[in-house]
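The block underneath contains the structure these notes are about, expressed in structure tokens.
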Amino acid sequence: MTDRPLTGRARPDRTPHTLEEWRALGGYEAVERGLRELTPERVLDMVDEARLNGRGGAGFPAAKKWRFMPKPGEAPGDGPNYFIVNGDEMEPGAFKDRILLEATPHQLVEGAILAAYATHSTEIIVLIRDAYRDAIRNVSRAIEEAEAAGYLGRNVLGSGFDIRMWVHPSAGRYIVGEETALIEALEGKRAVPRKRPPFPAQSGLWGRPTTVNNVETVSCVSHIVANGSNWFQSLSRTQEGGTKVFAVSGRVNKPQVIEAPMGATAAELIEMAGGVSGNGVLRCFQPGGGASGFLEADALEVPLDFGHVRAAGSMFGTGTLIVLDQTACPVGVIARHMAFYARESCGWCTPCRDGLPWAARIMADIEAGSGHLSDLDILRMTVEVGGPRGRAFCDLMGGAMSPLGTGLARFGDLFEQHISDKCCPVARDHRRAAA
Ligand SMILES: Cc1cc2nc3c(=O)[nH]c(=O)nc-3n(C[C@H](O)[C@H](O)[C@H](O)COP(=O)(O)O)c2cc1C
Ligand code: SF4
């Protein structure tokens, strides 16, 4: 049994296994056990006891979400329960789902079958970002193989359980990853988030009970069923179960995906990624992708999980670690983030539709050396207005405000120097030192 269950069987070149190769590695044993020996409720209880928190950003306990799904006959009207795997992955810095989709598609199919079983879903849709062409091909092929082997289809393994599964390529907007916008997109509508309640488990795709989970969350499920909840929990160093697939990038010598215990520290991950590059001295890092707040060297030993990172003043998000050394300017990074979030705003609500392009324009001016001190007040006001949860219709706006708000608080002097010196002081000093 490996301490890297999710990535330990992946080939370094990400060539996926055929079904036979996967079975030789123990694949589909959990599906056979789950569907033949366990009830849907038992599978759900195991996931609950394993303390599997969703890996798509919010860290919501998977089993808690699954318990909202009605059993057959409980929901009004006719039609299936849907289980949707979210592989939209467009958060700046994120690339961990890509590896799981490309290299271990059978692991995803196994997890999705068991998750569908536990949520009484008979239709599984895997939504994959359109740019991930290899992932779309590999997952589609794995589904075909699983169907031919009788793991999908009618009366799977004699369990009486019918299940269909297919891939839906996403047209490629960040907002499609938000679960209710994703449902709108699947229905062929403009991808904007839905009002909640009703929650997707009450009324989701085509008005039917629906659960949406992240690729990594789903990939954990077969391991829990195969090896038990205690084993899964014991992989973690904290109260949040399992390993975590971290994507480490930015100023590190070897940007890469690293599977490590939940609760591993940024110091450990940076070391595993070959250490800080640039001038070798850490300035700061984002622990949860583009929409997470900056932390500095004093947080290097914080156990990285949802609870500890929140307590440290940031957000664990997708476990995407973006590292900046002393020659990287956070003002420039924030300007890039603002441009991304402004472009990706779906335009549904005013604070985000109008506030983000405004903030992005101001950040571009400051970075170019044409900003004014009064701009900083406008930026702070934007954070104040749009940052707290509930001020905009979905979490895109608040997420975008996290790097801006923490950047202004931690690196206010650099913002001011950009304005007073009319250039980027970090790039200028670096050039001078190199001359
Ligand atoms: C703007 C925005 C983009 C999102 N993008 C993704 C994404 O690409 N993949 C993902 O799994 N979750 C994404 N989410 C979170 C989903 O709404 C949802 O919480 C998640 O898919 C649930 O899966 P989990 O419980 O397994 O984490 C996004 C949320 C927001 C607000
Ligand atoms: S916060 Fe932004 S992305 Fe979310 S609904 Fe409003 S405009 Fe759309």
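The values are calculated or read from the model by the stated rules, or taken from the named source; none is laboratory data. Remember, predicted model here, so these are calculated numbers, not experimental data. Note: ideal-geometry Cβ built from the backbone for every residue, glycine included; neighbour counts use all protein chains shown. SASA here: full protein model, heavy atoms, side chains in, ligands and nucleic acids out. Shrake-Rupley method; radii C 1.70, N 1.55, O 1.52, S 1.80 Å.
Numerical summary
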{"read-out": "Karplus 3J(HN,Hα) series, Hz, for the stretch 213-230 with 6.51 cos²θ - 1.76 cosθ + 1.60 (x for Gly, Pro)", "value": "9, 6, 3, 5, 4, 5, 5, 6, 5, 5, 5, 5, 5, 6, 10, x, 5, 5"}
{"read-out": "Among M262, M397, M272: highest mean-square fluctuation, GNM of the chain, C-alpha pairs under 10 Å", "value": "M272"}
{"read-out": "In the stretch 158-250, the trypsin sites (Lys or Arg not before Pro) that fall in loop regions by DSSP, at most 14 other Cβ within 10 Å", "value": "K189, R190, K195"}
{"read-out": "Within the stretch 19-234: Cβ-based charge dipole about Cα centre, in debye rounded to nearest 20 (Lys, Arg +1; Asp, Glu -1)", "value": "620 debye"}
{"read-out": "Between helix 425-434 and the chain: long-axis angle, C-alpha atoms, 0 to 90°, nearest 10", "value": "80 degrees"}
{"read-out": "Global form of the stretch 19-234, assessed from the alpha-carbon gyration tensor, a/c cut-off 1.5", "value": "rounded"}
{"read-out": "Largest-first ellipsoid semi-axes for the chain, taking √(5λ) over the Cα gyration tensor eigenvalues, angstrom", "value": "40, 24, 18"}
{"read-out": "Per residue value of the accessible surface for the chain (all protein chains in place, 1.4 Å probe), Å²", "value": "40 Å²"}
{"read-out": "Vicinal HN-Hα couplings computed from phi for the stretch 9-26 (Karplus, 6.51 cos²θ - 1.76 cosθ + 1.60; Hz; Gly/Pro x)", "value": "9, 5, 7, x, 8, 6, 5, x, 7, 6, 4, 5, 4, 5, 5, 5, 9, x"}
{"read-out": "Total formal charge among the other residues, if their Cβ is under 12 angstrom from that of N279, Lys/Arg +1 and Asp/Glu -1", "value": "0"}
{"read-out": "Listed residues S292, S374 arranged by accessible area, highest first, probe 1.4 Å", "value": "S374, S292"}
{"read-out": "Cross-link partners of K65 among lysines (Cα-Cα below 18 Å; sequence separation of 8 or more within a chain)", "value": "K195"}
{"read-out": "Bridge type composition, the chain - antiparallel percent by DSSP, nearest 5", "value": "40 percent"}
{"read-out": "Structure-based [θ]222 nm, the chain - -39500 (n - 2.57) summed over DSSP H runs of at least 4, per residue, nearest 500", "value": "-13500 deg cm²/dmol"}
{"read-out": "Over the stretch 243-325: Kirkwood hydrodynamic radius from C-alpha pairwise inverse distances, Å", "value": "12.0 Å"}
{"read-out": "Accessible area of the stretch 34-112 belonging to carbon and sulfur atoms, whole % at 1.4 Å probe", "value": "51 percent"}
{"read-out": "Ordering of 129-142, 325-338 by packing [mean C-beta count within 10 Å, highest first]", "value": "325-338, 129-142"}
{"read-out": "Protein accessible area in the stretch 243-325, 1.4 Å probe - carbon and sulfur %", "value": "53 percent"}
{"read-out": "Dipole magnitude of the stretch 75-174, debye to nearest 20 (Cβ charges: Lys/Arg +1, Asp/Glu -1, about Cα centre)", "value": "120 debye"}
